[in-house]
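Chemist: Got a structure for you, questions after.
The values are calculated or read from the model by the stated rules, or taken from the named source; none is laboratory data. None of these values were measured; they are calculated from a predicted model. Here the Cβ positions follow ideal geometry from the backbone for every residue, glycine too, while neighbour counts run over all protein chains shown.
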């Protein structure tokens, strides 16, 4: 019983003390709450407290004020509300004229500044540096103007490598000389030592197909073949002849002094230079890969230097050689061609001029052999007659025993004296 009475006494004493404390401190609590808000407490509940919004804090950036622009000023209340980004006022130098906020250093490329490790959440903040009038731990901005000039560390001297002077390039190789057609399409030939050379040219080929093929297939390849521009298959025959190893030419019909008909492509003394050059172009267009032209007839035309000169100039311009058939005893065409720089070969004998018989051909070839031994070279022209073709085959086999050699006509060009 005594214990219970003692416990009740303690409870009554505590209740009395609590009631007294409420009456003593309640006015002070109500006064403090009234100072925080002007609104009346809501009946039957706690009073709603309106918190005054904090003033706008200007963002802190790394930008440096432009020249002529004033730096923003901050009041003490702004600094208090700046939160973790503001430095405590106790860290400012009271004796400095201006208080400067600690700004983070501007970001620099990795090659210029070493990156400082960023402390984690558990890292303790670095102790404040000594008071120097500005907030420490960060270096001033590069563009920030201050009395103290920061001298950058001296850069390492680097010596630029001098460019190597290239060696002088060798001079360009000269352009290869243009090989004229009479050499480009000639039959390769190496003349034997100390042997006179004889060139045989068969003209008028193509008009008779069988005889043309006989000449191409049976005659030695050293015998040159000339084709008529009036043949229907001149280019095909030329191609076949070259395949058999022959050197090919094309006949050039010219006006004769006789009644012989030279054809519609003949060069005429009565025609102007332009007409004759046009006819010459038509003749040359009948074939290809030939070394030159062989005069056909032309006893009247070659005697007219005014008509002949433009034609020979054009032949020389095309890189061809000219075989003078000597329709007259005086070699007018050969002399004019030599004066124009045109390669020329001169006919010494016609094998079958009067008759295509074996005795006549034999006699003509005997004269050709004599001329070759006397001058070292000789040229003869023949027709594709069966007798002439057959005799030439046997005669060519006999030349090595006579100390003579057959040669393509291009090998004798410019080697004969002009009478």
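Quick grid of which residues meet (1) buried (at least 19 other Cβ atoms within 10 Å of the Cβ); (2) more than 21 Å from residue 300 (Cβ to Cβ); (3) at pLDDT below 95:
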{"position": "322", "(1), (2), (3)": "yes, no, no"}
{"position": "341", "(1), (2), (3)": "no, yes, yes"}
{"position": "356", "(1), (2), (3)": "no, yes, yes"}
{"position": "360", "(1), (2), (3)": "no, yes, yes"}
{"position": "388", "(1), (2), (3)": "yes, yes, yes"}
{"position": "407", "(1), (2), (3)": "yes, yes, no"}
{"position": "414", "(1), (2), (3)": "no, yes, yes"}
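Chemist: Among the candidates 315, 328, which residue alone is within 27 Å of residue 284 (Cα to Cα) and in a loop (DSSP other than H, G, I, E, B)?
Modeler: Result of the check over 315, 328: 328.
Chemist: Hey, residue 287 hits all of (1) over 19 Å from residue 343 (Cα atoms); (2) over 42 Å from the mean Cα position of the chain (by Cα) but one; which does it fall short on?
Modeler: It is condition (2) that residue 287 fails.
Chemist: List, please: which pairs have Cβ atoms under 6 Å, are six or more places apart or on different chains, and start with a residue in segment 353-377 that is within 25 Å of residue 194 (Cβ to Cβ) and end with one that is modelled with pLDDT of 90 or more and assigned to a helix (DSSP H, G or I)?
Modeler: Note: pairs meeting the criteria are 365/395.
Chemist: Looking at (1) touching a strand residue (DSSP E or B) at 6+ places or on another chain (Cβ under 8 Å); (2) under 23 Å from residue 200 (Cβ atoms); (3) free of Cβ contacts under 8 Å to residues at least 24 places away in the same chain, which one does residue 279 not meet, given that it meets all the others?
Modeler: If we test residue 279 against (1) touching a strand residue (DSSP E or B) at 6+ places or on another chain (Cβ under 8 Å); (2) under 23 Å from residue 200 (Cβ atoms); (3) free of Cβ contacts under 8 Å to residues at least 24 places away in the same chain, just (2) comes out false.
Chemist: Got at least one residue in segment 355-366 being more than 24 Å from residue 207 (Cα to Cα), in a helix (DSSP H, G or I) and under 59 Å from the mean Cα position of the chain (by Cα)?
Modeler: The answer is no, given that none of the residues of segment 355-366 is more than 24 Å from residue 207 (Cα to Cα), in a helix (DSSP H, G or I) and under 59 Å from the mean Cα position of the chain (by Cα).
Chemist: Okay, next question. I'm trying to understand the selection: among the residues of segment 200-212, which are touching a residue at least 60 places away in the same chain (Cβ under 8 Å), touching a strand residue (DSSP E or B) at 6+ places or on another chain (Cβ under 9 Å) and outside any helix (DSSP H, G or I)?
Modeler: Across segment 200-212, the qualifying residues are 200, 201, 202, 203, 204, 205.
Chemist: I'd like the full set of residues that are touching a residue at least 60 places away in the same chain (Cβ under 8 Å) and either farther than 19 Å from residue 405 by Cβ or assigned to a helix (DSSP H, G or I) (or both), limited to segment 378-387.
Modeler: 383, 384, 385, 386, listed by residue number.
Chemist: Also, quick follow-up: Just need a number here: residues in segment 388-414 that are touching a strand residue (DSSP E or B) at 6+ places or on another chain (Cβ under 7 Å), part of a helix (DSSP H, G or I) and within 22 Å of residue 290 (Cα to Cα).
Modeler: 3
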